[in-house]
1. Can you work out which of the residues in the range 13-54 that are among the polar types (S, T, N, Q), assigned to a loop (DSSP other than H, G, I, E, B) and closer than 28 Å to residue 138 by Cα is modelled with the lowest pLDDT?
2. Just checking, does the range 27-44 include any residue being among the basic types (Lys, Arg) and more than 28 Å from residue 115 (Cβ to Cβ)?
3. Just give me the residues in the range 242-251 being more than 60 Å from the chain's Cα centre (by Cα) and surrounded by 13 or more Cβ atoms within 10 Å (Cβ to Cβ), in sequence order.
4. Restricting the search to the range 98-156, which residues are in contact with a strand residue (DSSP E or B) (Cβ under 9 Å, 6 or more places away or on another chain), in a loop (DSSP other than H, G, I, E, B) and among the acidic types (Asp, Glu)?
5. Can you tell me which residue in the range 64-97 is nearest to residue 126 (Cα to Cα), limited to those that are open to solvent by less than 80 Å² (accessible area, probe 1.4 Å) and assigned to a loop (DSSP other than H, G, I, E, B)?
6. May I ask you to list the residues in the range 145-189 that are β-branched (Val, Ile, Thr), touching a residue at least 60 places away in the same chain (Cβ under 8 Å) and either exposed (fewer than 14 other Cβ atoms within 10 Å of the Cβ) or more than 14 Å from residue 207 (Cα to Cα) (or both)?
7. Under 7 Å by Cβ, and 6 or more places apart or on different chains, what pairs join a residue from the range 74-102 that is free of Cβ contacts under 8 Å to residues at least 12 places away in the same chain and closer than 14 Å to residue 113 by Cα with one that is part of a strand (DSSP E or B) and of a type in the set (Val, Ile, Thr)?
8. On the given criteria, is residue 254 open to solvent by 70 Å² or more (accessible area, probe 1.4 Å) and more than 30 Å from residue 218 (Cα to Cα)?
Amino acid sequence: SFSKEFTTDKNGEISLTDLEPGSYTVKEITAPDGYIVDDDISIIQINGNENAQFVFTNTPKPSLSLLKYDPAAQKYLSGSVFRITKIEDGSNYLDRITDTNGKIQLDNLDPGIYSVKEVSAPDGYILNEKEYHVELFPGKTSQIVVENLAKPNLLIVKTDAVTGKRIKGVTFTVNKVDSSTLTTVETDENGEALLEKMDAGIYKITEKSVPDNYLLNETPQLITLEPNKTGIVRFENYQKPNLTINKVDSITKDPLKSAKFNIVYASNNTFTGEINDLGTYTTDENGQIILENLNDGWYKITEI
C-alpha cells in the first residue's frame with residue numbers, strides 16, 4: 001500500500017514521519033557517484049509510537065593506477081597508449097595515454113578482472129605485447145607497472161687498417177635481413193655513422209663507397225641488435241697501393257731518363273678476370289715512374 005523513492009540529503013539522511021505502523025522494506029536503488037550500491041535489503045516492523053533507524057554503508061568503487069617504466073634508464077615514460085578492458089564485458093574498453101609522469105589513473109571502476117594491453121609505445125621504445133590481468137576490489141586501488149625496453153642503436157666505425165685513423169665519407173647500406181628496406185649512411189668527421197631507434201633483429205651492413213685513396217672493403221658484416229643496447233660494427237680499409245719503377249745503369253747505378261715501360265693490370269677478382277692495359281709510361285729525370293692510388297692486384301711491367 002506504500003511505495004516511494006527518496007534521495008539522501010546533504011547529511012546523507014532520509015527522514016520519514018507519520019508512517020502507518022507495519023512492516024517496511026528499504027532497498028538502495030542507486031549509490032552516490034563513485035560508490036557501489038549496497039545490495040542489502042532491510043526489513044523492519046514499525047509499531048505505533050516507535051522510531052526506527054536504518055544505516056546503509058557504501059564502499060567506494062575501485063581505482064586502477066597504471067605506471068609505464070623504463071628499468072634501464074630508471075624513468076617513467078609518457079606517451080604510451082593502453083587499452084583497458086573489463087574481461088567479462090570485452091566490448092567496452094578505455095583507451096588512455098600515460099601522462100608526463102608515466103601514469104594513467106582510472107577511478108570509479110566496477111569491481112572485476114581487467115585486461116591491460118599496450119597498443120602504442122612511446123617514441124624510441126619497443127611495444128610491450130604482453131597482456132596483463134589485474135583484479136579490482138571495492139574500496140581499493142590496484143597498481144600495475146608495465147615496463148618498456150628502448151629500441152637499439154647501431155654504430156658503424158670506420159678506421160684505416162694500418163694507422164687506426166678514423167675515415168670520413170665512407171658510405172654504407174644497412175638493411176634488416178628479413179626486410180628489403182635499405183638505409184644509406186655516411187661516416188662523419190669521427191669516422192662514425194650512428195643509426196638510432198632501430199627495430200631489434202639481425203642487420204646486414206655493406207660498404208658501398210670510400211674516399212679515392214682507399215680500397216673498398218667488400219666483406220659485409222652481420223649484427224644482431226638487442227633492446228637497450230648499441231650494437232657496434234667496425235670496418236677497416238687499406239689505402240690504395242703505389243707503384244714505383246726505378247731505371248738505373250747496371251754499372252754506375254745512375255738513374256736513366258726516358259726509358260719506356262708498358263704496364264698491364266690484372267684484377268684480384270677471380271670472377272671477373274679483369275685485365276687492363278694501363279698504357280706506356282716514361283721514366284723522369286730521376287729514372288722513375290711513380291703511380292699512386294692503384295687498385296690492388298697484379299701488375300706486369302715490360303720495358304719497351
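The values are calculated or read from the model by the stated rules, or taken from the named source; none is laboratory data. Note that this is a predicted model, so its numbers are computed, not measured. Note that we place each Cβ from the backbone using ideal geometry, even for glycine, and neighbour counts take in every protein chain shown. The protein model used for the area step is the full one, side chains on, heavy atoms only, and it has no ligands, DNA or RNA in it. Shrake-Rupley method; radii C 1.70, N 1.55, O 1.52, S 1.80 Å.
1. Taking the range 13-54 and keeping what is among the polar types (S, T, N, Q), we get 15, 17, 23, 25, 30, 42, 45, 47, 49, 51, 53.
Then drop every residue that is not assigned to a loop (DSSP other than H, G, I, E, B), which leaves 15, 17, 30, 47, 49, 51, 53.
Among the residues that remain, those that are also closer than 28 Å to residue 138 by Cα are: 30, 53.
Values: 30: 93, 53: 86.
Ranking the candidates gives 53 first.
2. First, the residues of the range 27-44 that are among the basic types (Lys, Arg): 27.
Still in the list and also more than 28 Å from residue 115 (Cβ to Cβ): 27.
Checked the range 27-44: at least one residue is among the basic types (Lys, Arg) and more than 28 Å from residue 115 (Cβ to Cβ).
3. Within the range 242-251, the subset more than 60 Å from the chain's Cα centre (by Cα) is 247-251.
Listed by number, the residues that qualify are 247, 248.
4. Selection gives 99, 107, 110, 129.
5. Going through the range 64-97, the residues open to solvent by less than 80 Å² (accessible area, probe 1.4 Å) turn out to be 64-73, 77-82, 84-86, 89-90, 94-95.
Okay, now just the ones that are also assigned to a loop (DSSP other than H, G, I, E, B), so 71-73, 77-80, 90.
On the way: 71: 13, 72: 13, 73: 14, 77: 12, 78: 14, 79: 13, 80: 11, 90: 26 Å.
So, considering only residues that are open to solvent by less than 80 Å² (accessible area, probe 1.4 Å) and assigned to a loop (DSSP other than H, G, I, E, B), the one nearest to residue 126 (Cα to Cα) is 80.
6. Applying the first criterion (β-branched (Val, Ile, Thr)) to the range 145-189 yields 145-146, 156-157, 159, 162-163, 167, 170-171, 173-174, 177, 181, 183-185, 187.
In the following step, the residues that additionally are touching a residue at least 60 places away in the same chain (Cβ under 8 Å) were identified as 145-146, 156-157, 159, 162, 167, 170.
Matches in the range 145-189: 145, 146, 162.
7. What qualifies is 93/84; 93/85.
8. Working: open to solvent by 70 Å² or more (accessible area, probe 1.4 Å): yes; more than 30 Å from residue 218 (Cα to Cα): yes.
Answer is yes for this residue.
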